[in-house]
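One structure below.
The values are calculated or read from the model by the stated rules, or taken from the named source; none is laboratory data. Keep in mind the model is a prediction, meaning the values are calculated, not measured. Cβ atoms come from the backbone with ideal geometry, glycine included; neighbour counts cover every protein chain shown.
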Amino acid sequence: MIRQTSESDGSNAEILSVSDLNKAAKSLLEGHFPMVFVEGEISNFSVPASGHWYLTLKDEGGQLRTAMFRNRNQRVRFKPRNGLKVLIRGKISLYEARGEYQFIAEHMEEAGEGELRRAFEALKQRLQTEGLFNEARKRALPALPKHLAIITSPTGAAIRDVLSVLNRRFPALNCTIIPSQVQGDEATQQIVAALETANAFDEPRFDAILLTRGGGSLEDLWTFNTEPVALAIANSRVPVVSAIGHESDFTIADFVADLRAATPSAAAEILAPDQTDWMQQFDGLAQRLTRAQGSQLRAAQASVQSLTRRLRNPSQTLAQMNERLERLQPRLLTTVKRALQHPELDRLEKQMNTGIEQQLKQAQTRLSSLSGRQAELIQRQLIDERSNLQRLAGQLNALSPLAVMERGFSLIRDEAQTVIGRAVQLRADQAVTIDFSDGTANAIIQSEPTLKEEESP
C-alpha cells in the first residue's frame, strides 16, 4: 500500500508499507545482480526435512545468509561442512516475509576451483566474442555414418560405454579409436594431434568425430577448457561431437563442438542409427520392390500373350496366297485360249505370255520377300520379349529367399512359424523347423545358445 503525506506535514514523500518496501528492494537487488560468483567459508550449515540447504557464507569482513534449494544441491558432488571454503554461483535476493537479504545458490564447488572457474569464464567470454560458439558455423551430423573416429583414453570407462551402445544399436558402424590422454600435462597436445590426425586426409575418411571422457572435477576436465583444444575443434573439417563428463559438466569443448552430448553413452545413441528402424525400412522397400517386379513380370507376360495371339503363322499366309494363285490360273488360261482364237492376236499372245511370266515372277519374288520379312519381324519380337522376360525373372530370382538357400543357407522358424534371426531368440528344448533349399527338417535345441562376447578395447 502506497500513500502520500498531506501538505500540512511539510513534505510530499511517498509512504510505503513494509511489504511494498521489501518487494521493491527485492526487485532492485535481483535486477542489479542477476548472477554472481561469491567465495567464502561455510558456517551454520543445516539441512531441514525439506532437503534444502541453509548456511552462512563468511569471510574476515562480513557474512552472507545463503540458501540452496533441493533441486540444485542434488547436483553438488561433495558434502558441505562448516569451515569448508567454497565458491558459489547464484543470485542476490531478499526474503520478503522477514525482510532478510540472502544469497540463492545455483552451483557450489570447493574454493580450490575458484581460479580455474575464473579462467574458464574469461576464455569462454573471449571465444564467444570471436564467434566460435555461433550456431551458424556448426554442421549437421550424417543420418547414416559409415566410419566414426573416437578420441579418448583407450582404457577409460567412457570408451567401454560408447562401444557397448554402438554395438547394440548399429554393429555395422566402423569405429577407429585414436588414443589420447584426457587428463594431465600432455593431454592438451595429444588431443590436438588426434584431431589433426582425424582430419589428415584429402578426402574425409571419417563421417564424424567423437571427443569423450568420463566425469571428474573441474581440474580433471581442464584439458577440454584450453584454447588449443577449442581451436582444433573449430578448425576440424569433420563434424565433432563432444561428450565430456556427466550431464552437469560443461566445458569449452562442448560450446565449440558441432553437438554436445550429456554423457558418452548419450553421444553413442545420437551417432549410431537404430538398426531395427533401418531394417524395418529395408524390409518395406524389399516388399515394395517385390510387388513392383511381380507387377512388371505379369504385365510382360500379358503383353507376350497378346502379341502371340495377334501374330499370324507365315505358312498359313503362303498357303492362302498359293490357293488364290491356283484359283486364278484356270481363269487366266481360259482367257488366253479365247484370245488365241483370233489370228491377229498371235503377237499379243506372245506379249501376253511374256507379261504373265514376268508378273508371276514379280509376284513370287514379292511374296518371298514379304514372307521373309514377316518371319524375321516375328522372330525379333519373340527374342526381345523372351530377353525381357528372362531379365525380369532373373531380378525376381535374385531377391527370392530360395536363391539364398540354394547357396547353402537355411531358414529356422519356431513353433509359431516366426523366423529366428539371432541366437539369443533360441532356448534349450525348443522345437524348431529348418528349411533347406531341397526340403524341411524338424529339430530340438539341446542347450542354451552360446552368444558371442562383445569385444572390449
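Yes or no: Val182 of a type outside the set (Ser, Thr, Tyr), part of a helix (DSSP H, G or I) and either at pLDDT 90 or above or over 21 Å from Thr155 (Cα atoms) (or both)? Here the answer is no, as Val182 does not meet what is asked.
Restricting the search to the stretch 194-214, which residues are in contact with a strand residue (DSSP E or B) (Cβ under 6 Å, 6 or more places away or on another chain), within 13 Å of Pro239 (Cβ to Cβ) and of a type in the set (A, V, I, L, M, F, W, C)? Ala198, Phe206, Ala208, Ile209, Leu210, Leu211, listed by residue number.
If the condition is being of a type outside the set (S, T, N, Q), farther than 19 Å from Glu96 by Cβ and in contact with a strand residue (DSSP E or B) (Cβ under 9 Å, 6 or more places away or on another chain), then the stretch 15-51 contributes Met35, Val36, Phe37, Val38, Glu39, Gly40, Glu41, Ile42, Phe45, Val47, Pro48. When we screen Ser387, Ser371 for residues that are out of contact with any Lys or Arg (no Cβ under 9 Å at 6 or more places or on another chain), in contact (Cβ under 8 Å) with a residue 40 or more places away in the chain, of a type outside the set (Phe, Trp, Tyr) and assigned by TED's automatic domain parsing to the domain that holds Val336, the only hit is Ser371. You will find that of Glu349, Glu357, the residue that is of a type in the set (D, E, K, R), part of a helix (DSSP H, G or I) and at pLDDT below 75 is Glu349 and no other. Gly131 passes all but one of (1) assigned to a helix (DSSP H, G or I); (2) modelled with pLDDT of 90 or more; (3) not aliphatic (A, V, I, L, M); which number fails? Every condition holds for Gly131 apart from (1). From the list Ala232, Ala292, the one residue that fits, being part of a helix (DSSP H, G or I), out of contact with any Asp or Glu (no Cβ under 8 Å at 6 or more places or on another chain) and either of a type in the set (Gly, Ala, Ser) or assigned by TED's automatic domain parsing to the domain that holds Ala157 (or both), is Ala292. Would you check if Leu127 is at negative phi, out of contact with any strand residue (DSSP E or B) (no Cβ under 9 Å at 6 or more places or on another chain) and of a type outside the set (D, E, K, R)? Yes: the conditions hold for Leu127. The number of residues in the stretch 78-99 being surrounded by 12 or more Cβ atoms within 10 Å (Cβ to Cβ) and without any contact (Cβ under 8 Å) to a residue 12 or more places away in the chain comes to 1. Residues being surrounded by fewer than 18 Cβ atoms within 10 Å (Cβ to Cβ) and within 21 Å of Val76 (Cα to Cα) are represented in the stretch 193-215 by at least one member.
Taking Arg126 as the residue in question, decide whether it is among the charged types (D, E, K, R) and more than 30 Å from Arg237 (Cβ to Cβ). Here the answer is no, as Arg126 does not meet what is asked. Scanning the stretch 138-146 for any residue that is among the basic types (Lys, Arg) and in contact with a strand residue (DSSP E or B) (Cβ under 7 Å, 6 or more places away or on another chain) turns up at least one such residue. Exactly one residue out of Ala158, Ala149 is part of a helix (DSSP H, G or I), crowded, with 16+ Cβ neighbours inside 10 Å, in contact with a strand residue (DSSP E or B) (Cβ under 7 Å, 6 or more places away or on another chain) and not assigned by TED's automatic domain parsing to the domain that holds Lys26, and it is Ala158. Filter the stretch 392-426 for residues that are exposed (fewer than 13 other Cβ atoms within 10 Å of the Cβ), of a type in the set (Lys, Arg) and modelled with pLDDT of 80 or more and give the result. Once the filter is applied, which keeps residues that are exposed (fewer than 13 other Cβ atoms within 10 Å of the Cβ), of a type in the set (Lys, Arg) and modelled with pLDDT of 80 or more, the stretch 392-426 yields only Arg422. Within the stretch 243-266, residues that are within 22 Å of Met108 (Cβ to Cβ) have Cβ atoms under 7 Å from residues that are among the hydroxyl-bearing types (Ser, Thr, Tyr) in these pairs: Ile244/Thr212; Ile244/Thr251; His246/Thr263; Glu247/Thr263; Asp254/Ser242, counting only partners at least 6 apart in sequence or on another chain. Scanning the stretch 77-104 for residues that are out of contact with any Gly (no Cβ under 6 Å at 6 or more places or on another chain), farther than 18 Å from Leu116 by Cα and part of a strand (DSSP E or B) turns up Lys91, Ile92, Ser93, Leu94, Tyr95, Glu100, Tyr101, Gln102.
Just so you know, in the stretch 281-337 the residues that are under 25 Å from Gln390 (Cβ atoms) and among the β-branched types (Val, Ile, Thr) include one that is nearest to the chain's Cα centre (by Cα), and it is Thr290. Taken over the stretch 427-447, the residue count meeting the criterion of being exposed (fewer than 13 other Cβ atoms within 10 Å of the Cβ), assigned to a loop (DSSP other than H, G, I, E, B) and not polar (S, T, N, Q) is 4. A single member of Gly51, Gly31 is loosely packed, with under 14 Cβ neighbours inside 10 Å, modelled with pLDDT of 90 or more and not hydrophobic (A, V, I, L, M, F, W, C), and it is Gly51.
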